[in-house]
Amino acid sequence: MIASEGQPRDLAGLAVPSAGSLMETGDVWEPSRLLDPHGAVLVPVAEFLKDLRACGRAVSTQRSYTMALLRWFRFLWAVGVSWDQATQVEARDFCCWIQFVDKPVGSHGHRFGRSADAVVAESGVVQGNRTR
């Protein structure tokens, strides 16, 4: 257990649902979007991704960062803390929690014993409309 402002947070028993998703758009100017559990674009992440694009970061790099942010947001939603209220306590708890959970899908999209469809469904990645 990790103490959080006097209240212990049971990280071992923490259920983090696969809320939110990464939507791949097919748009060269906005290749992906991070969506909240209700399907709305997470504006702070969208702004961050714009900065990455402006710096010339590869689409694969942007996607990797977005998947990492999806895990962070899922954790915050599970513990009931909004991203703009997260503190060092949440960052510490996230780091502890992530060490003990299944790792995300690797670069080839496969995990032993699982079909590719199951991996994609679990990851929360959805295909969007191809628009420009």
Q: Could you look through the range 64-85, keep only residues that are within 18 Å of D10 (Cβ to Cβ) and either free of Cβ contacts under 8 Å to residues at least 60 places away in the same chain or in contact with a Phe, Trp or Tyr (Cβ under 7 Å, 6 or more places away or on another chain) (or both), and pick out the one that is surrounded by the most Cβ atoms within 10 Å (Cβ to Cβ)?
A: F75
(Q) Every residue in the range 26-55 that is of a type in the set (G, A, S) and assigned to a loop (DSSP other than H, G, I, E, B), please. (A) G26, G39, A40
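So, in the range 2-28, of the ones that are at positive phi and exposed (fewer than 15 other Cβ atoms within 10 Å of the Cβ), which residue ends up modelled with the highest pLDDT?
Pass one, the range 2-28, residues at positive phi: 5-6, 20, 26.
Still in the list and also exposed (fewer than 15 other Cβ atoms within 10 Å of the Cβ): 5-6, 26.
On the way: E5: 56, G6: 59, G26: 82.
Applying the filter and picking the extreme gives G26.
The values are calculated or read from the model by the stated rules, or taken from the named source; none is laboratory data. Predicted, not measured: the structure shown is a model, and the values here were computed from it. Glycine also receives a Cβ, built like all others from the backbone with ideal geometry; neighbour counts cover every protein chain displayed.
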